[in-house]
Amino acid sequence: MGMLDLIEVDGYEQVAHWRDDEAGIEALCAIHSTERGPAIGGARWQPYDDRDAALSDVLRLSEAMTLKSAAAQLPFGGGKAVVIGDPMAKSEAQLRSVARFVDQFEGRYLTTTDVGTTTDEIDLLAQWTPYVVGTSAGSGDTSALTAVTVLAGIAATLAALDGDPSAAGRTIVVQGVGKVGSKVARALADEGATLFLADIRAIAAAALAAELGAQTVSVDESIVAPCDLLSPNALGGVFGESTIPALQARAICGGANNQLVRDPDDAALLDAAGILYAPDYVVNAGGVISVAQDVVGWSFDEALAHAECVGATVQEIFDISARSGITTAQAARQFARSRIPTAAS
Ligand code: NAD
């Protein structure tokens, strides 16, 4: 059946814990804000160490979704669900239980794919709950528009370095060559960048490098390689006290979520090191822009046009940062919060 318990958390509209012993599942959902519209955010499926680790992740991720949708000027709030479990060992009973959990919010939270969940599974969920977006019958794979916003962010970041948005002749390291990173790498190669590719799936990086005439580096080397721009498109937590002093990139702009280990402290470290950081949730808004096709009925071309505007937003955030003497991460937060009625003051 499933048991729902509410958890009071300051600053969040609703946080709920779900336990279904029959299906063998434990999950959490946080609705950070519905001020701009329904709280949209994927369902992450991960073997967290314990419930506290899952709770802190869902809180952090749902707030980031509020900021992401606000910065992208979408009529959505922010939410997220996390399932504590092995993503490779899901049962149909567990997926049905997740659908029942999502149903409890009666449309205030809309779910989609995230780390550990696939479009096929989201399609299954959609058979059991209407509160699903990004299905294959709808907007489908979000990575195409995410690559568009990452590339728009990269052009704005390169322009902020020295006035030229072009990747031609630039040295760029792409970390992670999955759905987003491979599309970003292909477009940068077409533009004439000198590319270095890294992935824990070394074979995938080598195959793409061979196709694009790029070189490969190990994941560790990708962090310290001298380059104009480092584009993280794998997992989060890349930039922290242990990695920032070793960085030799002039700028960072990529699609991975939660790139900073500690935001805002690590943004200040990057700033002090003279490394220009394009805030991740602004740059990777293409995913949530893509699902706007399902929620507000945009055509693909309308969503694409919206995605291309992310370059101007990144530029504006750099301008706010320079004008106000604050980090780009602080500027992004200020920009996003100014678009959320009760957070603006
Ligand atoms: P993906 O799973 O298709 O690709 C991730 C790639 O990173 C894989 O090739 C994987 O082997 C590699 N990888 C994993 N750990 C790594 C590590 N430690 N070092 C180097 N490579 C590593 O995922 P994706 O859809 O391309 O998403 C990439 C990132 O972008 C994720 O952080 C995701 O949360 C974020 N993001 C994706 C979308 C989207 O629309 N797909 C939207 C917004 C944000």
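All of the numbers you see were taken from the coordinates with simple rules; none came from a lab. Not measured: the values here are computed from a predicted model. As a convention, Cβ positions derive from the backbone with ideal geometry for all residues, glycine included, and neighbour counts pool all protein chains shown.
With R₀ fixed at 30 Å, the C-beta to C-beta distance from Arg262 to Thr118 puts the FRET efficiency at about 0.45. For the stretch 200-305, applying the loop criterion from DSSP together with a ceiling of 11 other beta carbons within 10 Å to the GluC sites (Glu not before Pro) yields Glu241.
For the stretch 86-187, the spread of Cα positions along the three principal axes, ordered from largest to smallest, is 53, 29, 21 Å. At q = 0.12, 0.13, 0.14 Å⁻¹, what is the log10 ratio I(q)/I(0) for the stretch 143-341, with the Debye formula run over Cα points and no solvent? Computed log10 I(q)/I(0) values: -0.54, -0.64, -0.75.
Helix 143-162 and the longest principal axis of the C-alpha atoms of the chain enclose an angle of approximately 40°.
Convex hull volume of the C-alpha atoms in the stretch 216-288, normalised per residue: 86 Å³. Annotation note: GluC sites (Glu not before Pro) in the stretch 76-147 located in DSSP loop regions with a Cβ neighbour count of at most 12 within 10 Å are Glu106.
Sequentially through the stretch 43-57, phi angles give Karplus couplings (6.51, -1.76, 1.60; θ = phi - 60°) of 9, 9, 10, 8, x, 4, 4, 7, 5, 5, 5, 5, 5, 5, 5 Hz, Gly and Pro residues having no value and appearing as x. A simple spin-label model places the labels of Arg201 and Thr243 1.9 nm from each other, with each point 7 Å out along Cα-to-Cβ.
Specify the angular offset, from 0 to 90 degrees and rounded to the nearest 10, of the alpha carbon long axis of helix 310-324 from the longest principal axis of the alpha carbons in the chain. On a 0 to 90 degree scale, this one is about 70.
Close amide-amide hydrogen proximity is noted between Trp298 and Gln293, each under 5 Å apart and 5 or more residues distant or on a separate chain (H modeled in the peptide plane; Pro and chain starts excluded). For the chain, the average shadow cast by the Cα convex hull is 16.5 nm², which is a quarter of the hull's surface. If you take the Cα centroid of the stretch 279-332 and the Cα centroid of the stretch 105-139, the two points sit 23 Å apart. Near the amide H of Ile40, within less than 5 Å, lie the amide hydrogens of Gly77, Gly78, Gly79, Leu110, all on another chain or at least 5 residues away, with H placed in the peptide plane. Kindly identify the stretch 137-249 as rounded, prolate or oblate by the Cα gyration tensor criterion: order the square roots of the eigenvalues as a ≥ b ≥ c, call it rounded if a/c is under 1.5, otherwise compare a/b with b/c, prolate if a/b is larger, else oblate. Rounded. For Lys90, a cut-off of 15 angstrom between C-alpha atoms picks up these aspartates and glutamates, skipping any fewer than 8 places away in its own chain: Asp20, Asp21, Glu22, Glu26, Asp114, Asp120, Glu121, Asp123. The string of couplings for the stretch 127-142 from the Karplus curve (6.51, -1.76, 1.60, θ = phi - 60°) is 6, 10, 9, x, 8, 10, 10, x, 6, 5, 6, x, 6, x, 4, 8 Hz, one whole number per residue in order, with x for Gly and Pro.
The residues neighbouring Ala322, those whose beta-carbon lies less than 13 Å from its own, together hold a net charge of -2 under the Lys/Arg +1, Asp/Glu -1 convention.
Distance between the modelled labels on Ser56 and Ile7, one decimal in nanometres: 1.2 nm (7 Å Cα→Cβ projection).
Which angle between 0 and 90 degrees, to the nearest 10, do you get for helix 202-212 versus the longest principal axis of the chain when only C-alpha atoms count? Around 50 degrees separate the two axes.
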